[in-house]
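Heads up, the thing below is written out as structure tokens.
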Amino acid sequence: VRLIALLLTLGLAFAQYENRLLVGSSEFGAIYPGGGRVAYGPAQDIARVLGLGYLEASGKVYLSLGAKVAVFSISSQGYDALRYRNAYRWRAEAWVPVRELAKNLELYYRIDYGAPVIALNPARLLEMQRVDAGGGLRYIIRFDRDVQARVITPNRIALIGVNSVPDVAPDSPISFSQESWGAEIQLPESTQPSLLFLPRQLVIDYPGTAQRRVVLDPGHGGGDTGVSVSGLSEKDLVLSVAKRLEKLLKAKGLEVIMTRNRDTAVPLKARAQYASSTDIFISLHAVPGDRVQIYSYPEVQTLRLIEKGRDLFLKTPEAQQAVLGRYVAAPGAATQFANSISENLASAGVVANVSQDAVYVLSQSGAAAVLMESGIERLRTPQARDQIANALAQSVYAYLGLEQPAPGGTR
Ligand SMILES: [Zn+2]
């Protein structure tokens, strides 16, 4: 009886997959929500196999290829999913309409013996330029389509799906190697680069050591007060912390850019632009209570900004792409930075949680981006705001290697 029950369960499970789905050279099952004729595939598996950026948050699933982003709202009803070409939540996974995805990201798509096939189109590297950029170095690479890239190590960049690269002279400091998943480019640099995705272009930025830049982003401003608790406004308190931090960092010779330094509204687009080329990005917010939370994954911040700028997000795909392209950082760097803030706060007696949601990284770059939410009670007095600013400053110094070892310290 148990065997039959097991077989029945398996039979039912398999019956849900109504077709085969080929993703690159891997095979998955396709489903047809709402009894329609639209094939859906597992979003995360597709992203993994094709090397796409993947993010699921706030009821939406995002898949990206270079500067291109496909966004689907997630429906839990098959009929709704079908009707609006939304993603479909099935068995705790997000499933996306395959043809729609292919169209949005310009992927290869066809029906082969009745089964959908989705794959990366081959990409050619057309041209590469090396530019001096204010003490730093910048490589601009042009392709014949959008290309997803990842930092493997500071001098090795993966160009996913690129199967045609130019010849380089044997004595060139730049070299390429062809891999099964695409091409790898080896560069002579050793500092952590940041990647910027533009249409059919990848910019690899190696910041100059002389110019270390920190962007401070006090949340809200102007008519947008943020959280208000008994006469305290988030917009004022976070600006106060940011100004204290700015002073500390400038005293160390760092270049500091404030997304706002007075009580004014800052559009999402502007905040995103400020963050486009920086070593560190710190967004400051407050929440009711006294809890301190540091979000180390840049996606969280990206989405919060996007959610706040929903109109902009819906209206201008370029702005949306700019945000997604620019607000991405290497998870290692951001997490390391967030943990360091948490440690520095702990030594000042403040407990801060570091949030590490296991979301697949959209992409990788060198900037460490964090969003810190402080309980508003923690920001009540000027001394408390100094304490937070100090902890943040120590983490910035440590991250940029400017830390002077404490006399008699253990490390
Ligand atoms: Zn806020």
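When G59, G35, G66 are screened for being on the phi > 0 side of the Ramachandran plot and without any contact (Cβ under 8 Å) to a residue 40 or more places away in the chain, only G59 passes. Looking only at residues in segment 219-245 that are assigned to a loop (DSSP other than H, G, I, E, B) and among the β-branched types (V, I, T), which one is nearest to the ligand (Cβ to nearest atom)? The extreme case among them is V227. Here the strands (runs of 3 or more DSSP E) wholly within segment 113-210 that include at least 3 residues being within 20 Å of the chain's Cα centre (by Cα) and under 30 Å from I280 (Cα atoms) are 148-153, 156-160, 194-198, 201-206. Looking at L248, L216, just one residue is touching a residue at least 40 places away in the same chain (Cβ under 8 Å), within 16 Å of the ligand (Cβ to nearest atom) and over 30 Å from P188 (Cβ atoms), and that residue is L216.
Checked against (1) touching a residue at least 60 places away in the same chain (Cβ under 8 Å); (2) under 30 Å from A398 (Cβ atoms); (3) open to solvent by 10 Å² or more (accessible area, probe 1.4 Å), Q186 passes all but condition (1).
The values are calculated or read from the model by the stated rules, or taken from the named source; none is laboratory data. The model shown is predicted, which means the values in this text are computed figures rather than measured ones. Neighbour counts are summed over all protein chains in view; Cβ atoms, including those assigned to glycine, are modelled from backbone coordinates with ideal geometry. The accessibility values were calculated without ligands, DNA or RNA, using every heavy atom of the protein model including side chains. Shrake-Rupley method; radii C 1.70, N 1.55, O 1.52, S 1.80 Å.
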